[in-house]
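Notes to accompany the following structure.
The values are calculated or read from the model by the stated rules, or taken from the named source; none is laboratory data. These numbers were taken from a predicted model, which means no experiment stands behind them. Cβ placement follows ideal geometry from the backbone for every residue including glycine, while neighbour counts extend to all protein chains displayed. Surface accessibility is based on the protein's heavy atoms, side chains included, excluding ligands, DNA and RNA. Shrake-Rupley method; radii C 1.70, N 1.55, O 1.52, S 1.80 Å.
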Amino acid sequence: MSENSNQFLDALKQMQGVEVGDIVDVEVLDIEDGQIDVGVENAGVEGVITRREFTSDRNADLRDLVKTGDKFKALVLRRAGGDKENGEFFFSLTRLKEREAYNKLQKDYEAGTPIEGTVTSSVRGGLLVDVGTRGFLPASLISNHYVSDLKPYMGKTMKLKITEIDPNKNRLILSHKDLIEEEREEAFDKVASQLVVGDVIEGKVSRLINFGAFIDVGGVDGLVHISEISYKHVDKPSDVLKVGQDVKVKVIGIDNDRNRISLSIKQTEPSPFEQATANLHEGDIFEGEVKSLTNFGAFVEVADGIQGLVHVSEISNKHVDKPSDVLKVGQTVKVKVLNIDPSDRRISLSIKAADSNASSNESSRPRRSRNENSVNKKYMGNDDNGFALGDIIGDQLKDRK
């Protein structure tokens, strides 16, 4: 066999050693518009790398990125077709980088290791992120609350977790929300371990929503429900609070299972009942207006919105069948404070004990009968005025039967 024949066979063997999917060392032979001509080192095989297989920048000038004689590794993509069935191949640098990136990302995914990526563009439903290869960050996984504007994230480097990876389908789903939740759980455990229900602490308004406000307390958000913002009626949290405002809050609940802290702003301040009774003491005598009448007594206003009960037995030294027999709504009466119960927010009053003409053998502070105590327990509710409106109205309706 001739020397030329031997050289041909050697070259053929080398050419056959290059397979699709191999990673080979190539050298740049020439640079043309839109492609790079390369040769496989020590294989006698030549081929091309198109612009899109060399860089993700579709407008890049290849001459600015590479020069003749440069050497690097490339992925054997496929054999050339058409008139180039002489053994030439197409190679790819971008897909090699993707393969290497996926290998590393697969390890990060299995280990649960966070990764970093840079947002390159926005698409319908989310963001495209460069993490060595292209990943997709759905809008629903950007944050732990709804994100409507994606523009602020453009070009931003973010810490992410991989939620789904499939190299064969070139599918990589990322999440920033999962990372936030994990960090939030760790922060919650740390903060919650230092708090006890009843603690009053300082916080900062971090976010306002329709049903309340989130308050940052040591890196963890606690919720102040709209009903706990003020003793006065609040239509919208934004009417009385603003983001960044420093507030004093009371811890009213800690839910370790759901990682939630419930807070109250209003409970750090005196309630209307406490304000109204701050200067009111047992034995005080004053004038008040009868606000309503029931079978068991009369409700007399002791302060704006705060009422006390004059039990039917405390209306007069004479027997009274029905309070309406001797009193009427709107009437001004002199009353004496018999008892103030701060825990149940109840005030017991007496008209007969305030009567200066009462017989001397009457005690200035008559003992409440067992019947009166039972009535108070039955009809007095937990509102600031101390009584259940439904029960009052109910007894009035009974009178009409």
Where the second residue is part of a loop (DSSP other than H, G, I, E, B) and the first is under 25 Å from Tyr231 (Cβ atoms) and lies in the stretch 299-323, which pairs have Cβ atoms under 6 Å and are six or more apart or on separate chains? Ile306/Asn385; Gln307/Asn385
Can you tell me which residue in the stretch 175-230 is modelled with the highest pLDDT, limited to those that are aromatic (Phe, Trp, Tyr) and open to solvent by less than 50 Å² (accessible area, probe 1.4 Å)? Phe214
What strands (runs of 3 or more DSSP E), lying completely within the stretch 86-133, carry at least 2 residues that are open to solvent by 20 Å² or more (accessible area, probe 1.4 Å)? 115-123, 126-130
Only residues that are open to solvent by less than 50 Å² (accessible area, probe 1.4 Å) and either among the basic types (Lys, Arg) or over 26 Å from Ala213 (Cα atoms) (or both): list them for the stretch 134-162, please. Gly135, Leu137, Pro138, Met158, Leu160, Lys161, Ile162
Return yes or no: is Ile285 among the hydrophobic types (A, V, I, L, M, F, W, C), over 30 Å from Pro323 (Cβ atoms) and modelled with pLDDT of 90 or more? no
Looking at the stretch 231-249, which of the residues that are over 13 Å from Phe214 (Cα atoms) and among the hydrophobic types (A, V, I, L, M, F, W, C) is surrounded by the fewest Cβ atoms within 10 Å (Cβ to Cβ)? Val240
Enumeration of residues in the stretch 139-166 that are small (Gly, Ala, Ser), assigned to a loop (DSSP other than H, G, I, E, B) and touching a residue at least 24 places away in the same chain (Cβ under 8 Å): Ser143, Gly155
How many residues are in contact (Cβ under 8 Å) with a residue 40 or more places away in the chain and among the polar types (S, T, N, Q) when one looks only at the stretch 218-271? 7
